[in-house]
Amino acid sequence: MAHTVKIPVPALNKEISVSTGLFINNEFVPSVDSSEVIQCFNPATEEVIASVVAGSAKDIDVAVAAARTAFKTTWGKNVTGWERSRLMNKLADLIERDAQELAELETLNNGKPVAVARDFDIGDSIQCLRYYAGWADKITGQTIEVDNKSKMAFTRHEPIGVCGQIIPWNYPINMWSWKVAPALAVGCTIVMKPSEITPLTALKLSELVVEAGFPPGVINTVPSLGPVGGAALSAHPDVDKVAFTGSTITGRKIMEAAAKSNLKKVSLELGGKSPQLIFESADLKQAAAWSALGICYNTGQDCTAGSRIYVQDSVYDKFIDILVSTVKETVIGDGFDKSTGGGPLVSKAQFDRVWGYIDAGKAEGAKVVLGGERRNTKGYFVDPTIFTDVNSDMKIVKEEIFGPVLSIGRFKTEEEAVALANNTTYGLGAGLHSTDASQCMRVSGLLEAGTVWVNQYNVLSNNVPFGGKKQSGIGRELGSYALEEYTSIKAVHWNIGEKLQWPLSL
Amino acid sequence: MSQIFTHEFNTPVYKGKTSFHTGLYINGKFVEGSDKTTIDIVNPATGKVIAKVAEATPKDVDIAVEAAQKAFDTTWGLNMGGSERSRLLAKLARLMEEHQEELAALEALDNGKTFSWAMNADTAVAIDTIRYYAGWADKIHGQVQETDEKKLTYSRHEPIGVVGQIIPWNFPLLMLTWKIGPALATGNCIVMKPSEFTPLTALRMCELIQEAGFPAGVFNLLTGYGSTVGAAISSHMKIEKVAFTGSTMVGRKIMEAAARSNLKNVTLELGGKNPNIIFNDADLDQAVNWAVHGSYWNHGQACTAGSRIFVQSGIYDEFLAKFTDRCRSLKVGDPFAPDSYQGPQASKAQYDRIMEFIQSGKDQGATVHLGGDRNGTEGYYINPTIFTNTTPDMKIVQEEIFGPVGVIIKFEDEEDVIRQANDTLYGLAAAVFSQNITRAINTAHRLKAGTAWINCVNQIHTNVPFGGFKQSGIGRELGEYALHNYTAVKAVQVNLGYVM
């Protein structure tokens, strides 16, 4: 089954070749014990575009063994930061070289517009790899003064070891780079399980890993169903750390499996129900633009989607008007169509889920002021939908929808706004719009979120950390902080002068 | 109109052509000096003039500073983000890599070091240095400090502005990268004076810097003399910082000029008379090999040269015999001959200086155990030289020679040798050889030097800080530490609730 397929791209009259085997030890191989395949769909047409080998639990064993061998021989402490930096920069260069084709493949499988995939997703991914390549030769510990006559104490920042990385389908290439880059920079080896919905670009990137010159076993890619490969990685006794981005519900399972197996280190980037607060002093037009971005970017399939907006009473009507007309401009369509701003939802399952929420919103009495109507065409297209007159008990206000569905509420005072914003088990992102500097400072301090945006939304930078409070996650990605997730500290106490007497004289 | 220097290399180790501008590089253009004078560049292997480069005057320094300040205010400084600076530096490293052989050959021609060393050490590390600092450019972090909810306080690590950089002739290209790497990574604009003896690779770098896409005025190169251009940079009222590598004597002048003018920030990498202590329990063969590298690498023209070799009496005779044998095997010859280890000294002035020191050693009664004379009749070649039976007050024991001269001193007592090792105005580097690691570490900790090597000598890593104690310098280069030399800390305190 492990062979190369040529995937037709009708809109561009071309084909993209992808290896469909499991990528282990720098080779594409069939499963050792299974003939299962994963079908990959084009969400704009609902058609199967390719089938790839589905990894089994045994395949995960093989991949982990390969990663362990590499960690002990050609990677880990056997490779210098300089070499890691060089290889990572080479990989970034290759991705840059192939950016257009990778973008087209991403669009085929995920649905997002090609230009967005190329310039944002892949552009950011290249930057991410280069950013962490720059860290690879700068991993430093500390020397610590204890007693100059008898002790030399210092810390070594060592790579944790073999890391299982499980990534989602909403930004396949970008999430791949966020995981791979810091892990490689500090010297870890990787078994990556891309999403079973969007494994194709991870497989294509694996070809570039070989071309860049990484030793076999440093990065392994095993497309697999979550309950099979993801579960196997989380519970594997020889995996030192698992990093996961996806739903909170799956995050729990992973953490449980980690606890029950070998207490492997866990970092999680989970869901969100991120609020934006529009205060009366805000630039309403700008706030509306950022709010539109917050719920429509990536067609709402973003863990930090600004899916709840609370508007101060005094500017409520005015803001709703501006917001509705701004969001109305969003064009949801086929990713190969140049006029498209956002693509379809990624799968039937997501499509059904989002419609379930829209129907629930209507049933629970919220008011639809935009969208809410099904298209009767092929493809998992959902148009931006805005609900008002919501209350905190409604499903659409409490639960993460992961689609272009926005709930808008109102508040009188700042205290009320903060309380509404924080009334959630999630804590990933939050935004506030105000031109009162003291208010910005107070409110940004009070919002319970790992990222707070002031007068903007959903803009990230590779050098600024990102992650969740509360049930939105554990640990931080991006910035220098991500390095800590893949580093294990060893303290060395070196006796340079103490002679011990036993028994101790007290 | 700037001249072009063209040279055809036709040697056993490198064949190729080089051709580049020899004018002053100001604001992205090559120009003549204000007085239209030139400086002769001599090939130390032959003693003959091979090129003429433009000579800068203090007036040219003014022009360059103005260009640098303009760039800082408009296209560089805080106007360009770290990831873009990173990209440009990474591009420069790639260009240097493409032209590595050419750069190595130019360095060998201009400085006299062998092509092999220039290729495998100087240029290779120079490229790594630029790449290393490219990685820092988007990682300049300040802090946020906890005060209380009524205050937001944070520190910004801002670029200083226009910085002056004066570099030496012993590792021309490498020293250039040690200086421009951290300065450009942090967003500063540079007015640089290379050594008047060895400006060729610096001039070639100007074209690579241009090709990489750095905006005009970010990097400016003024070939000229220390007493004119160097002095003008040190005392310039609009240069906020000067960084210098060279002799302690000149370092003093620079610091004085800085104090008298605008109290500009000063970092200095100066001389050394570095001790290498070899205990009885050292791995003898390794100690010999490292000690030879310590004294004779780069023809002894290294600030970290392990020029005082203290050998414990138990192994002294055996050490001396082996050390002498190794020295005898060092081939002195043309920089482009395949088997040369050591080329000529970098200039006539250096040659004369070293020969004077050798003469003083003889005059003051030291034993010339090996060498002590010129090699050949053309060019500035000196044979590897070993002095023994010295006393601590001799010039060759106290002063920095900067040539292929090793001084071997017998010792017995551990306390006494540490005292002797530290008994110098300098404090750049020191080395200890012992298989007893506890003793080695304790000794290293007691040596007053910015770098203490244990069981090695003269090994530099780009991510490890480097600099001097005492009169060997102020500040540290390399590693993350170098960034501090080029950033100015601004604390911003935002009042969000205190009422006066």
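Computed quantities for the displayed model
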{"quantity": "Test: residue in the range B:352-360 that is assigned to a helix (DSSP H, G or I), among the polar types (S, T, N, Q) and crowded, with 21+ Cβ neighbours inside 10 Å", "calculated": "no"}
{"quantity": "Residue within the range A:121-129 that is assigned to a helix (DSSP H, G or I), surrounded by 17 or more Cβ atoms within 10 Å (Cβ to Cβ), among the polar types (S, T, N, Q) and in contact (Cβ under 8 Å) with a residue 60 or more places away in the chain present", "calculated": "yes"}
{"quantity": "Inter-residue pairs, beta-carbon under 6 Å, first away from every other protein chain (no Cβ under 14 Å) and more than 14 Å from A:GLU477 (Cβ to Cβ) and in the range A:148-172, second assigned to a loop (DSSP other than H, G, I, E, B) and modelled with pLDDT under 95, 6+ apart", "calculated": "A:THR155/A:GLY141; A:THR155/A:GLN142; A:ARG156/A:GLY141"}
{"quantity": "Single residue of B:ASN265, B:ASN188 found to be crowded, with 24+ Cβ neighbours inside 10 Å, polar (S, T, N, Q) and either touching a Lys or Arg at 6+ places or on another chain (Cβ under 6 Å) or within 22 Å of B:ILE474 (Cα to Cα) (or both)", "calculated": "B:ASN188"}
{"quantity": "Strands (runs of 3 or more DSSP E) enclosed by the range A:146-194 - at least 2 residues per element that are surrounded by fewer than 24 Cβ atoms within 10 Å (Cβ to Cβ) and in contact with a Ser or Thr (Cβ under 9 Å, 6 or more places away or on another chain)", "calculated": "A:151-159"}
{"quantity": "Residue list for the range A:446-464, filter: over 21 Å from A:ASN174 (Cβ atoms) and in contact with a Leu (Cβ under 9 Å, 6 or more places away or on another chain)", "calculated": "A:LEU447, A:VAL452, A:VAL454, A:ASN455"}
{"quantity": "Strands (runs of 3 or more DSSP E) lying entirely in the range B:259-316 (those with 1 or more residues that are closer than 30 Å to B:ILE239 by Cβ and modelled with pLDDT of 95 or more)", "calculated": "B:265-269"}
{"quantity": "Top-ranked residue of the range A:486-496 - restricted to ones that are within 14 Å of chain B (Cβ to nearest Cβ) and touching a helix residue (DSSP H, G or I) at 6+ places or on another chain (Cβ under 9 Å), ranked as surrounded by the most Cβ atoms within 10 Å (Cβ to Cβ)", "calculated": "A:ILE496"}
{"quantity": "Residues located in the range A:37-58, provided they are surrounded by 14 or more Cβ atoms within 10 Å (Cβ to Cβ), under 25 Å from A:SER234 (Cβ atoms) and touching a helix residue (DSSP H, G or I) at 6+ places or on another chain (Cβ under 9 Å)", "calculated": "A:CYS40, A:VAL52, A:VAL53, A:ALA54, A:GLY55, A:SER56, A:ALA57"}
{"quantity": "Residues located in the range B:96-153, provided they are of a type outside the set (S, T, N, Q), farther than 30 Å from A:ASN89 by Cα and more than 13 Å from chain A (Cβ to nearest Cβ)", "calculated": "B:ALA108, B:LEU109, B:ASP110, B:GLY112, B:LYS113"}
{"quantity": "Strands (runs of 3 or more DSSP E) wholly inside the range B:397-478 that include at least 1 residues being at negative phi and surrounded by fewer than 22 Cβ atoms within 10 Å (Cβ to Cβ)", "calculated": "B:405-411, B:451-454"}
{"quantity": "Qualifying residue in the range A:129-143 (condition: charged (D, E, K, R), more than 27 Å from A:THR304 (Cα to Cα) and more than 12 Å from chain B (Cβ to nearest Cβ))", "calculated": "no"}
{"quantity": "Count of residues meeting criterion [buried (at least 18 other Cβ atoms within 10 Å of the Cβ) and more than 14 Å from chain A (Cβ to nearest Cβ)] in the range B:65-91", "calculated": "9"}
{"quantity": "Residue that is farthest from the chain's Cα centre (by Cα) [pool: residues in the range A:252-308 that are under 16 Å from A:VAL452 (Cα atoms) and among the hydroxyl-bearing types (Ser, Thr, Tyr)]", "calculated": "A:SER291"}
{"quantity": "Options A:LYS412, A:LYS398, A:LYS378: the member that is surrounded by fewer than 20 Cβ atoms within 10 Å (Cβ to Cβ), at negative phi, modelled with pLDDT of 95 or more and in contact with a Lys or Arg (Cβ under 9 Å, 6 or more places away or on another chain)", "calculated": "A:LYS398"}
{"quantity": "Condition met for B:ILE39 (closer than 30 Å to B:ALA68 by Cβ and more than 26 Å from the chain's Cα centre (by Cα))", "calculated": "no"}
{"quantity": "Lone qualifier among B:LYS322, B:LYS331, B:LYS348 - being charged (D, E, K, R) and in contact with a Pro (Cβ under 9 Å, 6 or more places away or on another chain)", "calculated": "B:LYS348"}
{"quantity": "Those residues of the range B:127-163 which are among the charged types (D, E, K, R) and not in a strand (DSSP E or B), in sequence order", "calculated": "B:ASP128, B:ARG131, B:ASP138, B:LYS139, B:GLU146, B:ASP148, B:GLU149, B:LYS150"}
{"quantity": "Restricting the range A:83-103 to residues that are among the charged types (D, E, K, R) and in contact with a helix residue (DSSP H, G or I) (Cβ under 6 Å, 6 or more places away or on another chain), the residue that is farthest from B:ARG131 (Cα to Cα)", "calculated": "A:GLU96"}
{"quantity": "Odd one out for A:ILE249, checked against (1) more than 19 Å from the chain's Cα centre (by Cα); (2) in a helix (DSSP H, G or I); (3) free of Cβ contacts under 8 Å to residues at least 24 places away in the same chain", "calculated": "(1)"}
{"quantity": "Counted residues, the range A:250-282 - those being more than 30 Å from A:ALA232 (Cα to Cα) and in contact with a strand residue (DSSP E or B) (Cβ under 7 Å, 6 or more places away or on another chain)", "calculated": "8"}
{"quantity": "Hey, A:ALA421 under 29 Å from A:PRO113 (Cβ atoms), among the hydrophobic types (A, V, I, L, M, F, W, C) and within 24 Å of the chain's Cα centre (by Cα) or not", "calculated": "no"}
{"quantity": "Selected residue [in a loop (DSSP other than H, G, I, E, B) and aromatic (Phe, Trp, Tyr)] from A:PHE336, A:PHE351", "calculated": "A:PHE336"}
{"quantity": "Yes/no for B:LYS238 being charged (D, E, K, R) and buried (at least 20 other Cβ atoms within 10 Å of the Cβ)", "calculated": "no"}
{"quantity": "Options A:ALA421, A:ALA491: the member that is within 30 Å of A:ILE144 (Cβ to Cβ) and either of a type in the set (Gly, Ala, Ser) or in a loop (DSSP other than H, G, I, E, B) (or both)", "calculated": "A:ALA491"}
{"quantity": "Unique match (being farther than 18 Å from B:GLY271 by Cα and away from every other protein chain (no Cβ under 14 Å)) among B:ASN436, B:ASN389", "calculated": "B:ASN389"}
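Residue by residue, here is whether (1) within 14 Å of chain B (Cβ to nearest Cβ); (2) buried (at least 19 other Cβ atoms within 10 Å of the Cβ); (3) without any contact (Cβ under 8 Å) to a residue 24 or more places away in the chain holds:
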residue	(1), (2), (3)
A:GLY445	yes, no, yes
A:GLY450	no, yes, no
A:ASN462	yes, yes, no
A:PRO465	yes, no, yes
A:LYS470	no, no, no
A:GLU484	no, no, yes
A:GLU498	yes, no, no
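The values are calculated or read from the model by the stated rules, or taken from the named source; none is laboratory data. Nothing here was measured: the structure is a model prediction, and the numbers come from that model. Positions of Cβ are generated from backbone atoms using ideal geometry, with glycine treated the same way; all protein chains shown enter the neighbour counts.
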